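Laboratory data are not the source of any read-out in this text; all were calculated from the coordinates shown. Note that the coordinates shown come from a computational prediction; the quantities given were computed from them, not determined experimentally. Positions of Cβ are generated from backbone atoms using ideal geometry, with glycine treated the same way; all protein chains shown enter the neighbour counts.
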Amino acid sequence: MVTLQLEARGIRDPRVLAAMREVPRHLFVSADQIDLAYEDCALPIGEGQTISQPYVVAWMLEALALRADECALEVGAGSGYAAAILSRLARAVFAIERDPALVDAARRRLAAIGAANVELAAGDGSLGWPERAPFDAILVSAAAPRVPPALLEQLAAGGRLVGPVRGPQGDQSLLRIERRADGGLDTRDLGAVQFVPLV
């Protein structure tokens, strides 16, 4: 998976590649999807949600440019797979998922792989996690018409947010937003993506 889907398509960050090798993706999919766990595609995980394709996860994490001493927030934790990868890249990870059943399953999976630096909660991800803010990095794994203002407010100086935004025609773009030291925001469009809606 890492060699053929990630390195071959330009993912270069050695920490991201190592984390993607280390976390067993088959533990984060349903039993009937295990044969497809390492394919280059998104897979359904129930409750109308999906686990993103491996390349997209790696692409987003490379864009975050995480350092080992940083604190990250994930919005739309789903199966817990991206949070598991984040646990190998950041000092602390806080992940929010709206569906309690998915939260329970993700907690079990994260415990099984020893991701002790991940805290998971059920809630409205568009509100972020004010009690744990500010964050050095925010990964948004679901698309909204704009980046929720609460997430931008919880981004530390020098912090980066990577997530999809849905256009008026239903098209989606992956944005990278960085907060400058003066408080301003620099936004870059990384390209077209397709994610489930942020609800």
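Fewest-first ordering of 87, 173 by other beta carbons within 10 Å of each residue's beta carbon gives 173, 87.
Taking the chain on its own, what percent of its Cα-Cα pair distances exceed 31 Å? Cα-Cα pairs in the chain separated by more than 31 Å: 9 percent. Suppose every K and R has +1 on its Cβ and every D and E has -1 on its Cβ; what is the size of the dipole of the range 29-131 about the Cα centre, in Debye to the nearest 20? Rounded to the nearest 20 debye, it is 300 debye.
Report the trypsin sites (Lys or Arg not before Pro) located in the range 91-186 that are in a DSSP loop and have at most 11 other Cβ atoms inside 10 Å of their Cβ, or state none. Hits after loop and neighbour filter: 146, 180.
Over the range 104-199, Cα pairs under 8 Å with separation of 6+ residues give a relative contact order of 22 percent.
Working note: 222 nm ellipticity from helices only, DSSP H runs with n ≥ 4, each -39,500 (n - 2.57), summed and divided by the residues of the chain, gives -7000 deg cm²/dmol to the nearest 500. At full extension, residue 194 and residue 153 could sit 12.3 nm farther apart than now, given 0.36 nm per residue minus the alpha carbon distance. All distinct Cα pairs of the range 101-142 go into the 1/r average, and the inverse of that average, the Kirkwood radius, is 11.8 Å. Taking each residue as 0.36 nm, the span from residue 15 to residue 101 lengthens on full extension beyond its C-alpha to C-alpha distance by 27.9 nm.
Among beta bridges identified by DSSP and lying wholly in the chain, the antiparallel ones come to about 45 percent. Averaging Cα coordinates gives a centre for the range 1-62 and one for the range 111-154; these two points are 20 Å apart. Rounded to whole numbers, the Karplus 3J(HN,Hα) couplings from phi for the range 88-95 are 8, 10, 10, 5, 9, 10, 10, 10 Hz, using 6.51 cos²θ - 1.76 cosθ + 1.60 with θ = phi - 60°, and x at Gly and Pro. Using C-alpha pairs under 8 Å with a sequence gap of at least 6, the mean separation divided by the residue count of the range 2-193 gives a relative contact order of 15 percent.
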